[in-house]
1. Using a/c under 1.5 as the rounded threshold, could you call the stretch 171-297 rounded, prolate or oblate? The axes a ≥ b ≥ c are square roots of the C-alpha gyration tensor eigenvalues, and prolate needs a/b larger than b/c, oblate otherwise.
2. Can you tell me the alpha carbon radius of gyration of the stretch 257-389 divided by the globular rule-of-thumb value 2.2 N^0.38 Å?
3. Evaluate the relative contact order of the chain (contact order divided by residue number), counting alpha-carbon pairs under 8 angstrom at least 6 apart; express in whole percent.
4. By its C-alpha gyration tensor, with a ≥ b ≥ c as the square roots of the eigenvalues, how is the stretch 51-158 shaped: rounded for a/c under 1.5, else prolate for a/b larger than b/c, else oblate?
5. Rounded, prolate or oblate: which one fits the stretch 345-393, using the alpha carbon gyration tensor with axes a ≥ b ≥ c (rounded when a/c is under 1.5, else prolate when a/b beats b/c, else oblate)?
6. For the ranges 98-108, 236-246, 372-382, what's the packing order if you count other beta-carbon atoms within 10 Å of each residue, average per peptide, and put the highest first?
7. From Cα pairs below 8 angstrom and at least 6 apart in sequence, can you work out the relative contact order of the stretch 285-435, rounded to a whole percent?
8. What FRET efficiency would be calculated for the residue pair residue 200, residue 296, taking the C-beta separation as r and a Förster radius of 22 Å, to the nearest 0.05?
Ligand SMILES: *Cc1c(COP(=O)(O)O)cnc(C)c1O
């Protein structure tokens with residue numbers, strides 16, 4: 001590669017020396033060191049980080065990361081060097097593993113990139129829900145304040161309610177309903193509408209009552225939103241969506257705010273070792289490959305979604321437009337002029353300075369239109385999920401029975417907004433003709 005050789009030096013001699021004398025009780029120091037190495041490119045662009053933040057874990061001359069499928073790793077031949085859960089790799093002390101339920105090369109490199117771009121130590125899990133589950137198992141709150149949003153997270157809460165008596169209260173509950181150690185969980189932007197919530201507002205509420213603010217930021221990965229900058233304590237993502245980006249891998253991510261790193265990072269990792277909900281080796285490898293292009297994908301998806309939304313919203317308001325025969329209302333962060341509490345939404349530009357979420361929704365005039373429209377489209381697959389290179393549309397009632405039967409959720413892919421617009425336009429014409 002060209003450029004600063006320091007960016008990709010696998011072995012920094014003084015660190016190698018220092019780590020060699022480590023014992024297992026200094027695990028946290030090792031975690032700290034990994035975080036330091038993963039975050040030292042944070043002054044660079046998002047793409048520079050996603051392409052190089054894992055270079056220090058590269059133990060080979062190969063430019064592209066190898067796929068490691070091994071579940072287990074050889075110990076040293078030297079009996080003097082044997083120490084429980086400490087297994088330095090002679091080729092690269094940072095790329096050191098024992099058993100893949102604890103850590104593995106592919107997911108460790110993916111975590112290094114995520115730690116850099118999310119700006120806090122990040123762990124990967126087998127799915128977004130596994131990450132949400134692990135986060136709540138770790139925090140073990142008595143109460144969780146949560147609004148609408150991704151239905152699966154409510155399923156995890158129901159499970160924990162069965163096990164621990166966890167009580168659910170409304171996100172906008174009175175302060176007196178929450179106490180120290182409880183959790184305020186904010187999903188923003190919000191499924192399925194693609195509208196946003198004011199993180200600073202909820203961070204303040206969490207501080208007042210001594211609760212943790214956890215944020216499901218799946219709909220707005222970097223560079224769109226940084227929840228830590230607005231007071232989040234922990235941030236989770238369904239990495240199945242934008243981090244994976246190609247509709248071919250399940251993944252979950254939990255990142256810890258730097259101020260909690262020393263306290264939370266290692267226990268979360270130790271609990272994952274017991275939960276066993278680790279990211280698979282293949283997914284770790286796919287995830288690295290996907291993250292390399294995160295910025296270009298998400299920027300284009302966000303820009304194209306905003307253009308489509310602007311077009312749809314404008315046309316829906318014109319009586320003579322074919323769009324208005326089908327579309328009754330469009331919901332998206334870019335259309336938000338007030339927040340969900342009725343205040344003005346000037347916070348939104350501050351919270352999402354680099355563009356809005358690439359997912360939006362619209363309501364049709366009736367259920368038949370919503371059910372039929374997907375079948376008239378060529379460039380949108382009718383399927384659940386989001387965040388991939390392929391544009392998707394979903395009659396959302398299919399996967400969330402609580403959702404309006406008039407709602408279609410759209411995930412904008414990379415086809416290009418003019419082609420997507422033309423596809424939607426011809427589908428609206430088909431539907432209007434059929435009436
Ligand atoms: C998809 C999704 C999840 C769940 O993630 P999985 O990877 O499917 O387990 C959680 N939250 C949001 C907002 C999602 O879109």
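Where a number appears in this text, it was derived from the coordinates with a stated rule and is not lab data. Just so it is clear, the structure is predicted and the values come from calculations on it, not from any experiment. Positions of Cβ are backbone-derived with ideal geometry, glycine not excepted, and every protein chain shown enters the neighbour counts.
1. Oblate is the answer for the stretch 171-297, as a/c is 1.5 or above yet b/c matches or exceeds a/b.
2. Working: Rg = 20.2 Å, N = 133, 2.2 N^0.38 = 14.1 Å.
Normalised by 2.2 N^0.38 Å, the Cα Rg of the stretch 257-389 equals 1.43.
3. 15 percent
4. prolate
5. Oblate, because a/c is 1.5 or more while a/b does not exceed b/c.
6. 236-246, 98-108, 372-382
7. Relative contact order comes out at 24 percent.
8. Computed FRET efficiency for residue 200 and residue 296: 0.15.
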